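The values are calculated or read from the model by the stated rules, or taken from the named source; none is laboratory data. On a predicted model such as this, the values are computed, not experimentally measured, just so you know. Neighbour counts run over all protein chains shown; Cβ positions are idealised from the backbone, glycine included. The accessibility values were calculated without ligands, DNA or RNA, using every heavy atom of the protein model including side chains. Shrake-Rupley method; radii C 1.70, N 1.55, O 1.52, S 1.80 Å.
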Amino acid sequence: MQWGDSEESRRGLRERAVRLRSWGHPCRIADPSELRELAPAVDPAACTASELVVHDQSAWYDAPLFVQRLLDRAATLGAAIRYGLRAQALIRHGDAVTGVETGTRRWEADWVVNCTGPDADRIAALAGTDLPMTRIPGLVGESTPVPGLRLDAILATPEVDLRPAPGERICSISWPVDALLPGQSDDALAERLHAGGQRVLPALRTARLAGVRLGVRPVPADGLPLAGAHPDVPGLYHLVTHSGVNLAPELGRLAAQEIIDGDGPDLAGYRITRGVTASVQDESLTLMTTR
């Protein structure tokens with residue numbers, strides 16, 4: 001559920017909802033009174049908007065658990081999993097990339113897939129190419145357990161975004177807080193992050209932050225995924241997006257299809273050589289880059 005705190009933000013949410021519906025995504029405009037039914041733990045006073053945008057079929061999943069399950073599944077299919085290694089150089093045969101060097105190890109491959117998130121432009125630079133992307137820091141907070149608090153919705157509010165987390169916890173991020181990075185002390189920003197969550201969910205007033213992590217978002221310059229090989233560097237396939245967790249299953253399928261079969265028309269609009277413009281309508285990119 002989303003709501004805005006100004007006419008401009010509410011108009012943006014409405015326009016985005018119309019666009020998403022035209023693409024087949026189920027979302028709707030709702031009266032704030034639905035908060036009592038959909039998210040009864042929310043303080044009604046925290047929402048001063050005249051309308052909500054509700055994404056009825058949206059969901060979240062725990063990223064570390066998700067990645068671990070994928071790796072475990074890959075291992076059962078014969079993949080060799082190695083942890084704690086850092087790509088130091090790319091192995092080249094002429095213009096083509098044929099592997100990776102990680103310290104004292106050399107890994108030969110038909111294809112090297114650069115899916116290293118905020119490190120992706122460093123890997124591209126090892127091949128002498130650029131990726132049009134930037135790194136945007138952000139804080140992720142997780143509360144101590146709140147017994148009895150039931151949050152069955154993902155909340156995107158003007159001050160803080162909240163979602164459930166395993167173990168009766170609440171996970172939080174805040175675009176206004178992230179806009180202060182770097183600057184104020186981590187402790188002050190953590191307090192502000194938690195206070196924002198407490199204003200939306202009064203039950204959080206009995207909890208504290210169990211921890212705050214500083215993450216770095218890999219953000220393509222126009223907000224859209226970067227996918228494919230550079231024509232001057234065959235053998236190195238790039239796959240970078242800010243929505244890495246949500247889009248990973250589909251992007252992985254499409255990239256595998258293209259690498260194996262040489263056919264990937266669905267990714268044609270996301271080539272790393274495309275002309276990046278500022279006209280892309282991307283709400284999260286606007287939030288991240290407005291300082």
Quick check on packing: order 81-90, 122-131 by the mean number of other C-beta atoms within 10 Å, highest mean leading. 122-131, 81-90
Averaging sequence separations of C-alpha pairs under 8 Å and six or more residues apart, then dividing by the length of segment 83-180, give the relative contact order as a whole percent. 17 percent
I'd like the carbon and sulfur percentage of the solvent accessible area for segment 104-254, probe radius 1.4 Å, heavy atoms only, ligands and nucleic acids excluded. 54 percent
For segment 74-232, what mean projected area does the convex hull of the alpha carbons give, in nm²? 13.0 nm²
Sort out for me the Cα centre separation of segment 181-215 from segment 228-276, rounded to whole Å. 36 Å
What's the extension gain from A75 to S9 if we count 0.36 nm per residue and subtract their Cα-Cα distance? 19.2 nm
Membrane-span-like helices (DSSP H runs, Cα span along own axis at least 18 Å, mean Kyte-Doolittle at least 0.0) in the chain -> 63-76, 244-261
Provide, for q = 0.12, 0.16 Å⁻¹, the log10 of I(q)/I(0) from a solvent-free Debye sum over equal Cα point scatterers in segment 61-161. -0.66, -0.95
Residue-normalised accessible area of the chain, expressed per residue, 1.4 Å probe, Å²: 55 Å²
Determine the calculated [θ] at 222 nm for the chain from helices alone, applying -39500 (n - 2.57) to every DSSP H run no shorter than 4 residues and normalising by the residue count; nearest 500 deg cm²/dmol. -8500 deg cm²/dmol
Binning every alpha carbon pair distance of the chain at 5 Å from zero, what are the percents per bin? 1, 5, 10, 13, 16, 16, 13, 10, 8, 5, 2, 1, 0
